[in-house]
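One structure is given below, represented as structure tokens, and several questions about it will come after.
The values are calculated or read from the model by the stated rules, or taken from the named source; none is laboratory data. Everything numeric here is computed off the predicted structure, so don't read it as measured data. Cβ: placed from backbone, ideal geometry, glycine included. Neighbour counts: every protein chain shown. The area values use the complete protein model at the heavy-atom level, side chains included, leaving out ligands, DNA and RNA. Shrake-Rupley method; radii C 1.70, N 1.55, O 1.52, S 1.80 Å.
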Amino acid sequence: MSTVEYIGEHLGPGKLGQFFVITSFVAALFSAFTYWRAVQAERTGIGESTWRSMGRYGFIFHTVSVIGIFSVLYYIISSHLFEYHYAWEHSSRALPLKYLFSCFWEGQEGSFMLWTLWHAVLGCIVMGTARRLETRTMTIIAMVQVCLATMILGLYFGPHIRVGSTPFLLLRTTMQGAPVFSMPNYLDFIKDGNGLNVLLQNYWMTIHPPVLFLGFSSTLIPFAFCIAALWKREYTEWVKPALVWALFSGGILGTGIIMGGAWAYESLNFGGYWAWDPVENASLVPWLTLIAGMHTLLVYKATKRSLPATFLLFMFTYCLVWYSTFLTRTGILGKTSVHAFTGDGTALTYHLLIVIGLLLLLCIGLLVTRWKELPRVKSEEETLTREFWMFIGSFILLLSSVQIAITTSIPVWSPLAKWISGKDIAPPVSPLQHYNSIQVWVAIIVGLLSATVLFMKFKHTDGRSVWRRLVTTGVIALALALFIGYEQHINAWQYCLMLFAASYGIVANIYYAIVIQKAKLKKLGPAIAHLGFAMVLMGILLSSFNKHIISQNTLGVLMDMGKGSDAANARESADNIMLFINTPVAMQDYVITYRGDSSSAKDPRIFYRVDYVRADSATHNVLEAFTMYPDAFVNVKGQVGITPTPATKHYWNKDIFTYVTSVMDPSKKTDTSKYESHLVHKGDTIFINNGYIVFNGFNTQVSDPRYKPQTGDIAVAALLSVYDMKGPGQEMHPIYYIRSQYENTIDDTLRNRGLYTRLSKIIPAQNAAEIQIKQTDPKDNYIVLKALVFPFINVLWIGVIVMVLGFFISIWSLLSKKSIITRRETL
């Protein structure tokens, strides 16, 4: 049997990349083993230093290998080596440089690589700072790296067992049997790649996944410190470093989640930043349990209470990170999420379940064996203390995460429920209504507690001073809530309570920061973080409760919105406005006009220009005028349809959010208009769509860059003024000239109006002219647009920034009190 010798393949990068894949796995395994041996050697003191040094070198070598994998894959993608399946599947030659990195995390293998890289970087930091807990924490971190490394091993054991999927597979290997690969020069026929998902071609998707994965990865560190503390039976030294890392993780993961919301707001067309999509929920749940664990750790640090709860929450958080990976990458959410991975068969499913099972086994085993010896305070805590209400708040966050996780996991457990009960359980028909009706109460309780607990003290609180401060801030917050509620017409009682909780959080935290902490920055971390959280609640409420559609269908045209049923189609059609080119249409306070589309060879998107004008209703003076350019990918990869990207006009108190829902198929656009002749004298008017033209006579001294005069020419230009609803607009000067006894014309065009003019004949005896006019029929070019208003959405974005700032101020405060992350002790 002959073997095909392929021409033009670059096999070296793939072999080098796979070498790094193998060495990263081996080095992580070696590091985990030698660190474990160092732990065993601590009992005797013999060989401990040697084993620990071997573990360090192994982990450093693992980190270098991971960086090597990343570098080689980037070289393959950026060099457009389409003989590799990963490069062909996720990239193309037309992709701008800024989106090449996005190709990494579009695929399963690349996202696991990103996760592994962040673990390696954080592990190196822990290796240099964990001090006496280094051997145990690094054993856990290296063990997790072994599990992650197996995700991209790409090893086969027999025809049906595969461990991981390598990004360095050749295209001809993944598509065996395709006729093109029977030819040695098959690369001559593969000129370009499949390209990046159009939804990922957004700047947020260049920075959002790395930040989100850094947040996910950082949850490993508190988890590792928990395991190390239980393993060593040392329940004091781990607290401060774990707290710093928990704060870091909370800030980074929160930032990554909200970056995803910003991406959805700017790139998706569901009209918002959060839709309770299962993928969004999968990232939110670990953050909630992490924040709960961080607060119980603060309680333990101050009072020696809540240690078991802290261990449970931090362990639960990291296991949830892996569970969220299972939900989003196995394809199990494919029917309920708009941006879940489609899955990689049963191999990845079982692979992830095995890792989750190992982590749970480790956690449960350690907790069971150490549970009775965990330090506890036997006396009951007082009700009016900070630790009591912080524990209550953490418990509420835990309940919130459980509710979200259970509902999100319906596709996982519903087959079992059906097998037991015979009933088919489906996800909520209206996820927004389902989650909001429950989580609004979480927001109210946590919002109130986040400010109230700061007025209390650990262990014992003076009730009189607390109540005095609560009443003072509560009255101010009530006045603020009444004012905002009246102005914004918030009348649903549960949302009125949420408004008060957010107002109280803002007022009380500012009061605490200024009056009690005297605005000393190092002490303001908790107050600033809680203030930011209250602002987030306020921003969510204001931007969502009064979000409204302004693109009502005033033309009465029933459009096919692809909603299936006639009723649903009619409802959606009522919220979309059809815009014919150059035809002004009233849209609430604005008159909007679609002016046409544009594109470039370097950008596959089509941009649609829409002019907005807001005028005074009495004087008709223009108060505001601006242009928006919503864009869309049309008929991508041969598939009929559009993938729109919204355009947003930002104000300090609102956003106008617009996106195109339907366009005329570019391939079906035709110009049905024809030139029509008009005999005009000076001062005569020619009526056109949405305006008219006035003929102002001739110009016999033609000076126009379009016309290159020659000796003997006779040239004349018509002077035309174009008027629209606002009055005089633009001038047009079609040219008529005689050269070598032949008549010639040069048309003049206003492309933004689809208007073409031609001076076809001059009649000197009548001082008249024959002007030919052609104007594009608006029905030949149209778009369908949807526009919404989000009031005070900037409160949400500013709140997130303030909250994250509070996390990092708290880290700074902790580090400045006593160095937590210091140089490693000499051992």
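Name all residues of the stretch 295-318 having a backbone nitrogen under 14 Å from the label point set 7 Å from the Cα of THR369 along its Cα→Cβ direction, giving them as ranges.
none
Accessible area, 1.4 Å probe, largest first: how do VAL368, VAL72 sort?
Working: VAL368 105, VAL72 15 Å².
The ranking, largest first, comes out as VAL368, VAL72.
Continuing with the same structure: Tell me, in nm to one decimal, what length is gained between GLN488 and SER49 on full extension, where the rule is 0.36 nm per residue of separation less the Cα-Cα distance?
Full extension from GLN488 to SER49 adds 151.4 nm.
Using only alpha carbon positions, build the gyration tensor of the stretch 10-196, then give the equivalent ellipsoid semi-axes as the square roots of 5 times its eigenvalues, largest first, whole angstrom.
Those come to 38, 17, 11 Å.
So, with +1 on the Cβ of K and R and -1 on the Cβ of D and E, and no other charges, what is the size of the charge dipole of the chain about its Cα centre, to the nearest 20 debye?
So the magnitude is around 3420 debye.
Say R0 is 51 Å: what FRET efficiency, to the nearest 0.05, do ILE738 and LYS649 get from their beta-carbon distance? Present the calculation step by step, with values, prior to reporting the outcome.
Values: r = 51 Å, r/R0 = 1.00.
With a Förster radius of 51 Å, E is 0.50.
Quote the relative contact order of the chain in percent (integer), defining contacts as alpha-carbon pairs under 8 Å separated by 6+ residues.
Details: 1457 pairs, mean separation 87.9, N = 827.
Relative contact order, the chain: 11 percent.
For the chain, build the charge dipole from Cβ charges (+1 Lys, Arg; -1 Asp, Glu) around the Cα centre, then report which of VAL299, VAL72, TRP245 sits farthest towards its positive end.
Positive-end residue among those listed: VAL299.
Could you look at the stretch 10-196 and say what percent of its accessible area is carbon and sulfur, using a 1.4 Å probe and all protein chains?
On the way: 5100 of 7640 Å².
Carbon and sulfur together cover 67 percent of it.
Further question on the same structure: If I model a spin label at ASP589 and ASN546 as a point 7 Å from the Cα along the Cα→Cβ vector, what separation in nanometres do I get?
Output for this residue pair reads 1.1 nm.
Also, quick follow-up: Measuring from label point to label point, each 7 Å out along Cα→Cβ, what is the PHE395 to LEU623 span in nm?
With each label placed 7 Å out from Cα toward Cβ, I get 5.3 nm.
I'd like to check one number: the per residue accessible area of the stretch 10-196, probe 1.4 Å, reported in Å² as a whole number. Spell out each step's value before the answer.
Values: 7640 Å² over 187 residues.
Dividing the accessible area of the stretch 10-196 by its residue count gives 41 Å².
Work the Kirkwood hydrodynamic radius out for the stretch 490-648: mean of 1/r over every pair of different alpha-carbon atoms, inverted, in Å.
Working: mean 1/r = 0.0495 Å⁻¹.
20.2 Å is the Kirkwood radius here.
Taking the stretch 671-797, how many lysine pairs are there with alpha carbons less than 26 Å apart, if each pair must be eight or more places apart or span two chains?
Close lysine pairs found across the stretch 671-797: 13.
Mind computing the radius of gyration and Dmax over the alpha-carbon atoms of the stretch 676-776? Å is fine for both.
Cα radius of gyration and Dmax of the stretch 676-776 are 13.4, 43 Å respectively.
What nm value, rounded to one decimal, do you get for the distance between GLN710 and ALA768 when each label is placed 7 Å out toward the C-beta?
About 3.2 nm, to one decimal.
Leaving ligands, DNA and RNA out of it, rank HIS160, HIS434 by accessible area with a 1.4 Å probe, largest first. Please list the in-between numbers first.
Values: HIS160 165, HIS434 60 Å².
The residues order as HIS160, HIS434, largest area first.
Heavy atoms only, probe 1.4 angstrom, no DNA, RNA or ligands counted: give me TRP389, TRP493, TRP322, TRP812 ranked by accessible area, highest first. Let's see the in-between values first.
On the way: TRP389 75, TRP493 165, TRP322 0, TRP812 110 Å².
Greatest to least solvent exposure: TRP493, TRP812, TRP389, TRP322.
Per residue, what volume in Å³ does the convex hull of the Cα atoms of the stretch 157-287 enclose? Numbers along the way, then the final one.
Working: hull volume 26.1 nm³, N = 131.
Convex hull volume per residue, Cα atoms: 199 Å³.
Same structure, new question: How compact is the chain by the rule of thumb for globular proteins, expressed as Cα Rg over 2.2 N^0.38 Å? Please list the in-between numbers first.
Numbers: Rg = 33.2 Å, N = 827, 2.2 N^0.38 = 28.3 Å.
Compared with the compact-globule rule of thumb, the chain sits at 1.18.
Right, something else. Ignoring everything except DSSP H segments at least 4 long, calculate the 222 nm mean residue ellipticity for the chain; use -39,500 (n - 2.57) per segment, divide by total residues, nearest 500. Provide the component values of the computation, followed by the final result.
Values: 21 runs with 403 residues, N = 827.
Per the formula, -16500 deg cm²/dmol.
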